[in-house]
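Below is one structure, written out as structure tokens; comments come after it.
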Amino acid sequence: MALRYQEVKLEIKKLILSSKEGSRIPSRNFLSRKYQVARNTIDKAITELEQEGYLNSVKGSGTYVTGRFSRNVNIGVILPSLMGDVYPQFISGIEDYATANHINVVLLSSESIPEKQKRNVYQMIEMGADGCIIIPIINSEMSFETLDLLKKKKIPFVLCNRSIDGLNAPFVGTNNHYGAYMATKHLIEGGCRRLSYLSQRKYSTSISRYNGFKTALLDCQEEVEEGPVLLGNYEGDALKEKLQVIFSGEKIPDGVHCFDDMMATVLYSVLQEKGLVPGKDVKVVGYNDSSICNILPVPLSSVSSRSKEMGKEAIWMMMEALEGGVKEEAAKWIIPELKIRESSRTEKI
């Protein structure tokens, strides 16, 4: 019962943190029905939240969200890029909450350059940031050294999308293993029996997605075969040559899960050269559900990382960290969604 009470209090607190100052929360009877708990459980949770300064009850009127912070809070957000489809959605999730809660957000891009990420961190320290939300660059070793500076300055931070080996910090990420598992299972259910996983880079995220791909093959009750796997560091012509080899000859994959949507666009060009049609000769699923999915000649199925939800969870966790309410080992995993389009539909396109 005590555990359920804490869960309900946490849910009400999330509701408060996503609401504007001065707004009225739903009635206690409504909350009791919503969370399927006794009215006295709701009363206890609201009383404690009032004592903690989150709520203020007005007799005969209702319960209102208070201004939790007496001054503006400055949060730094450091990303590998401000472009593309994933990062703008992530930023949107942060700003939706920040604009309603007197929070100043300073956006910086590391451009995936270790030295620039380090300069960004120094800039946050110099401006006196209250906390930071960071999607670190791929280079884990360089990131550890840089982000450890924040720890030494006692500036709380939340890592998103990828963690750093050996660095304890609150984390919000998407379940890459499950996303790839879901995509591969979809391909198998669509009749694919020789499946390949293709990634132009080899790092923690691509390996996690490959493991999800592999798990789906191992879980399958049907007779399926793992086709050629591309899991390395290839660019430009070298990447295209690798794909041309895979799709030459008689025995080619009939289903492909690509690390991301950009990888899928390169695959599309190779398939076109070979006279193969995505969704007909080879079923394809990408990752990130970027805007390019709907403008390709055959609309691309893709796994959505739900980046906006990740941003919302990150800013909420950041605000909790400022109050000392989040442990370093805290982690929140966003469950991805599969967006099915013509490149992998089972019906005739």
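The values are calculated or read from the model by the stated rules, or taken from the named source; none is laboratory data. Please read these numbers as outputs of a predicted model, since none were measured by experiment. Cβ atoms come from the backbone with ideal geometry, glycine included; neighbour counts cover every protein chain shown. Heavy atoms of the whole protein, side chains included, go into the accessibility calculation; ligands, DNA and RNA do not. Shrake-Rupley method; radii C 1.70, N 1.55, O 1.52, S 1.80 Å.
Which residue, chosen from 58, 277, 295, occupies the Cα position most advanced towards the positive end of the dipole of the chain, where the dipole is computed from +1 (Lys, Arg) and -1 (Asp, Glu) charges on Cβ about the Cα centre? So the residue furthest toward the plus end is 58.
Residues whose amide H comes within less than 5 Å of that of residue 283, counting only those at least five positions distant or on another chain, are 255, 256 (H built at 1.01 Å from N in the peptide plane).
Distant-in-sequence amide contacts of residue 260, defined by a placed amide H-H separation under 5 Å and a gap of 5 or more residues or a different chain, comprise 287. Between region 194-214 and region 158-177, what's the alpha-carbon centroid distance in Å? Rounded to whole Å, the Cα centres lie 18 Å apart. For residue 291 and residue 215, the difference between the fully extended length at 0.36 nm per residue and the C-alpha to C-alpha distance is 24.5 nm. Amide H contacts of residue 106 (H built 1.01 Å from N, in plane; Pro and chain starts excluded): 75, 76, 77 sit under 5 Å, all sequence-distant by 5 or more or on other chains.
Antiparallel beta bridges, as assigned by DSSP with both residues in the chain, represent about 20 percent of the total such bridges. Each listed q (0.10 Å⁻¹) maps to a log10 I(q)/I(0) for the chain from the Debye sum over equal C-alpha point scatterers, namely -0.71. Using the Karplus relation 6.51 cos²θ - 1.76 cosθ + 1.60 with θ = phi - 60°, the per-residue 3J(HN,Hα) values for region 318-329 come to 5, 5, 5, 5, 5, 9, x, x, 10, 7, 4, 8 Hz, with x marking Gly and Pro.
Each Lys or Arg adds one and each Asp or Glu subtracts one; over the other residues with Cβ under 12 Å from the Cβ of residue 168, this totals -2.
For region 79-135 and region 217-291, what is the centre-to-centre distance using only Cα atoms, to the nearest Å? Their Cα centres are 34 Å away from one another. Extension gain, residue 58-residue 100: 0.36 nm per intervening residue step, less the Cα-Cα distance, totals 12.9 nm.
Which net charge results for the neighbourhood of residue 58, defined as the other residues with beta-carbon distances under 12 angstrom from its beta-carbon, given Lys and Arg at +1 and Asp and Glu at -1?
+1
Computed packing ranks the peptides 58-64, 177-183 as 177-183, 58-64, most packed first, by mean other Cβ atoms within 10 Å.
Could you check how much of the accessible area of the chain is carbon and sulfur, as a whole percent, using a 1.4 Å probe? Walk me through the numbers on the way to the answer.
Working: 8170 of 17020 Å².
Within the chain, the accessible surface is 48 percent carbon and sulfur.
Is there a quick way to get the dipole size of the chain? I mean about its Cα centre, with the Cβ of Lys and Arg at +1 and of Asp and Glu at -1; what is the value in debye to the nearest 20? Show your work: numbers first, answer last.
Numbers: 44 positive and 43 negative charges, 217 e Å.
It works out to roughly 1040 debye.
Accessible area per residue was computed with a 1.4 Å probe on protein heavy atoms; residue 193 scores about 80 Å². Treating r as the C-beta distance of residue 241 and residue 202 and R0 as 30 Å, the FRET efficiency rounds to 0.95.
With only the Cα atoms considered, region 205-349 has a convex hull volume of 149 Å³ per residue. Over all directions, the projected convex hull of the C-alpha atoms in region 25-168 averages 11.2 nm² in area.
Annotation: aspartates and glutamates with alpha-carbon distance below 15 angstrom to residue 202 (same-chain offsets under eight excluded): 235, 260. Working note: Debye formula, equal point scatterers on the alpha-carbon atoms of region 60-141, no solvent; log10 I(q)/I(0) at q = 0.18, 0.21, 0.24 Å⁻¹ is -0.79, -0.99, -1.17.
Given 10 °C and 1.306 mPa s, how large is the Stokes-Einstein diffusion coefficient of region 173-273 in µm²/s, with Rh as the Kirkwood radius over Cα pairs?
On the way: Rh = 13.6 Å.
It diffuses with D of about 117 µm²/s by this estimate.
In sequence order, region 99-106 has phi-based couplings of 5, 8, 9, 6, 10, 8, 10, 10 Hz under the Karplus curve 6.51 cos²θ - 1.76 cosθ + 1.60, θ = phi - 60°, and Gly or Pro positions carry x. Semi-axes of the equivalent ellipsoid for region 276-328, computed as √(5λ) from the eigenvalues of its C-alpha gyration tensor and ordered from largest down, come to 39, 10, 5 Å.
Could you tell me how many cubic angstrom of Cα convex hull volume region 141-208 has per residue? All intermediate terms of the calculation are to be shown ahead of the outcome.
Working: hull volume 6.0 nm³, N = 68.
Each residue corresponds to 89 Å³ of Cα convex hull volume.
Measure nothing fancy, just the Cα-based angle from helix 236-246's long axis to the longest principal axis of the chain, in degrees from 0 to 90, nearest 10. That helix lies at roughly 60 degrees to the long axis. Using a Gaussian network model of the chain in which every pair of alpha carbons under 10 angstrom is joined by a spring, one finds that among 166, 279, 255 the greatest mean-square fluctuation is at 166. Helical runs assigned H by DSSP (4 residues or longer) give the chain a calculated mean residue ellipticity at 222 nm of -13500 deg cm²/dmol, each run adding -39500 (n - 2.57) before division by the residue total.
Would you tally the net charge around residue 287, using a Cβ to Cβ cut-off of less than 13 Å, leaving residue 287 out, and scoring K and R as +1, D and E as -1?
Working: positive: 201, 209, 306, 339; negative: 85, 260, 261, 289, 337.
Surrounding charge for residue 287 is -1.
A 1.4 Å probe run over the protein chains yields, for the chain, 49 Å² of accessible area per residue, whole-number rounding. Across region 112-119, computed HN-Hα scalar couplings (Karplus, 6.51 cos²θ - 1.76 cosθ + 1.60, θ = phi - 60°) run 6, 10, x, 5, 6, 4, 5, 5 Hz from first to last residue, x flagging Gly and Pro.
Take peptides 81-88, 313-320 and line them up by average Cβ neighbours within 10 Å, highest first, as a rough protection proxy.
Ranked from most to least packed, the peptides come out as 313-320, 81-88.
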